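All remarks here apply to the structure that follows.
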Amino acid sequence: VQLQASGGGLVQAGGSLRVSCAVSGRLFSTTSMGWFRQAPGKEREFVAAISWIGGRTDYADSVKGRFTISRDDAKNTVYPQMGHLNVEDTAVYLCAASPKVFAPTGANEYDYWGHGTQVTVSS
């Protein structure tokens, strides 16, 4: 199973960015997806997740109302949309895949990980 994240980059505070994560090697329609981030010197933290049953979404409190996550099963891709970005959102963003029906929020509950994409927010 391979996960390929893309779409990161440099954005000004207050701006928006859409990243994507494409999955291969597994039936995507029965795969729950999670997004995590890790800033320098900090632990990996949960950002958002979308379940394969009913498309249920979950968000960390720090991103609620600013980030959304969606999926396109025809393209085997999940799309986290980040808005109203601030400098505290600067991190490497990683996607993860799980066969669980409902996407977990704990990093240790995911079986597969991508390499991540850097998002830098300038003030």
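The values are calculated or read from the model by the stated rules, or taken from the named source; none is laboratory data. Because the structure is a prediction, the values reported are computed rather than measured. Positions of Cβ are generated from backbone atoms using ideal geometry, with glycine treated the same way; all protein chains shown enter the neighbour counts. Just the protein is used for accessible areas: all its heavy atoms, side chains included, with ligands, DNA and RNA removed. Shrake-Rupley method; radii C 1.70, N 1.55, O 1.52, S 1.80 Å.
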Place a point 7 Å from the Cα of Lys42 in the direction of its beta carbon; the residues of segment 87-123 whose amide N falls under 13 Å from it are 87-94, 119-121
In debye to the nearest 20, how big a dipole does the chain give about its Cα centre with +1 on each Lys and Arg Cβ and -1 on each Asp and Glu Cβ? 180
Once normalised by the length of the chain, the mean sequence separation of its alpha carbon contacts under 8 Å that are 6 or more apart gives a contact order in percent of 37
DSSP loop trypsin sites (Lys or Arg not before Pro) in segment 13-64 with at most 12 other Cβ atoms within 10 Å of their Cβ, which ones? Lys42, Lys64
Spread of Cα-to-Cα distances over 10 Å intervals beginning at zero, given as percent, for the chain: 15, 51, 29, 5, 0
Within the accessible area of segment 8-97, what % is carbon and sulfur when the probe is 1.4 Å and the other protein chains stay in place? 50
Classified through the alpha carbon gyration tensor (a ≥ b ≥ c as square roots of its eigenvalues; rounded if a/c is under 1.5, else prolate when a/b is larger than b/c, else oblate), segment 1-68 comes out prolate
Taking amide H positions as placed in the peptide plane 1.01 Å from N, state which residues far from Ser70 in sequence (5 or more) or on other chains have amide H under 5 Å from it. Tyr79, Gln81
Taking only protein heavy atoms into account and a 1.4 Å probe, give the accessible area per residue of segment 1-94 in Å². 50
If you add up the charges near Ile69, with Lys and Arg at +1 and Asp and Glu at -1, over every other residue whose beta carbon is less than 11 angstrom from its beta carbon, what do you get? +2
Compute a Gaussian network model of the chain, connecting alpha carbons closer than 10 Å, and tell me which residue from Leu94, Leu27, Leu17 fluctuates the most. Leu27
The distance between the Cα centres of segment 1-47 and segment 71-123, in whole Å, is 3
